[in-house]
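To start, the structure itself, in structure tokens.
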Amino acid sequence: MPSGTVFFDKNLNAKYEFGKNHRNVIKWSNLSRFALIAGFGNLAGDIDIWDTFLTKKVGTCKANSTASCSWSPDSRRFVTAVLTPRLRVDNELKIWKHNGQLLNRVDFGKTELYEVGWVPSKITFKDRAASPPPKEEVKSAQEKPKRLFVMPGNSASLSAMIDAEKKSQTSGGKAITNFDLANQAKESQQRKVPGAKMPEPKKKRVRKKKTDQGEEDDKEDP
């Protein structure tokens, strides 16, 4: 079942709900601005990074099979690692930016990695808000989504074409579509057989009025 994450103030008043998802780990940054909410262990390794001062999500990423996770002293980066003995293969560490951007990856596939940590710093770091995303990401987000190409024989494209034709062409109060025109041409070709005589029109029978004797006569029109 998805778990819920709720942010409380010092008086135990609920201030913000981060929604329900498959998460089981929360890591606060050293300067208390960023909170990392992740699903490690038997979960998929999805990570959400939140700015708790603004109650705004600043990034997401994914680190499969993570056994260790910690923030840097300046709260601008965090590290995830796949460790032994939890997993004796594919040991690695990844360094991420506070917005979920991958900065570095070190593979320990030929050996075993047991522990990962940050070197303590004597520098007093100041709190800073999240950095804006790179220009490339902003530009890609502003670009219009590309239209998906659909084969002409696809039913979805056919229905869309019919709807467009109905809106664009009208004659005598009835919509004319390319589909209708094609059917009409097909029917006319089926009626005209090369070398065959055209059938003579049928004669209509017209009923005459009753005579004085009460009898009815039929007359054939030429």
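The values are calculated or read from the model by the stated rules, or taken from the named source; none is laboratory data. Just so it is clear, the structure is predicted and the values come from calculations on it, not from any experiment. We place every Cβ from the backbone using ideal geometry, glycine too, and count neighbours over all the protein chains shown. Side chains are part of the model used for accessible areas, which takes the heavy atoms of the whole protein and leaves out ligands, DNA and RNA. Shrake-Rupley method; radii C 1.70, N 1.55, O 1.52, S 1.80 Å.
Within the stretch 41-60, being open to solvent by 20 Å² or more (accessible area, probe 1.4 Å) and either modelled with pLDDT under 90 or not acidic (Asp, Glu) (or both) holds for Gly41, Asn42, Leu43, Ala44, Trp50, Phe53, Leu54, Thr55, Lys56, Lys57, Val58, Thr60. For the stretch 8-22, the condition of being farther than 30 Å from Pro132 by Cβ and among the charged types (D, E, K, R) holds for at least one residue.
Residues in the stretch 2-31 that are assigned to a loop (DSSP other than H, G, I, E, B), open to solvent by less than 70 Å² (accessible area, probe 1.4 Å) and without any contact (Cβ under 8 Å) to a residue 24 or more places away in the chain: Pro2, Asp9. Scanning the stretch 8-31 for residues that are among the basic types (Lys, Arg), out of contact with any Gly (no Cβ under 8 Å at 6 or more places or on another chain) and more than 23 Å from Ser65 (Cβ to Cβ) turns up Lys10, Lys15.
Which residues, counting only those in the stretch 102-122, are touching a Leu at 6+ places or on another chain (Cβ under 8 Å), part of a loop (DSSP other than H, G, I, E, B) and either open to solvent by 90 Å² or more (accessible area, probe 1.4 Å) or more than 16 Å from Cys69 (Cβ to Cβ) (or both)? So that I can check it myself, show each step before the final result.
Looking only at the stretch 102-122, we keep the residues that are touching a Leu at 6+ places or on another chain (Cβ under 8 Å), and these are 105-106, 108, 113-116.
So of that shortlist, the ones also part of a loop (DSSP other than H, G, I, E, B) come out as 108, 113-116.
Hits for the stretch 102-122 are Phe108, Tyr114, Glu115.
For the stretch 84-101, which residues satisfy the criterion of being open to solvent by 20 Å² or more (accessible area, probe 1.4 Å) and more than 25 Å from Ile123 (Cβ to Cβ)? Break it down into steps so the answer makes sense when it comes.
Residues of the stretch 84-101 that are open to solvent by 20 Å² or more (accessible area, probe 1.4 Å), as a first pass: 85-90, 92-95, 97, 99, 101.
Across the stretch 84-101, the qualifying residues are Pro85, Arg86, Leu87, Arg88, Val89, Asp90, Glu92.
Taking the stretch 72-93, which residues are closer than 19 Å to Asn30 by Cβ and either among the basic types (Lys, Arg) or in a loop (DSSP other than H, G, I, E, B) (or both)? Answer for the stretch 72-93, where residues must be closer than 19 Å to Asn30 by Cβ and either among the basic types (Lys, Arg) or in a loop (DSSP other than H, G, I, E, B) (or both): Ser72, Pro73, Asp74, Ser75, Arg76, Arg77. Scan the stretch 123-154 for residues that are under 20 Å from Cys61 (Cβ atoms), at pLDDT below 85 and open to solvent by less than 80 Å² (accessible area, probe 1.4 Å) and jot them down. Hits for the stretch 123-154 are Ser131, Pro133, Pro134, Val138, Ser140.
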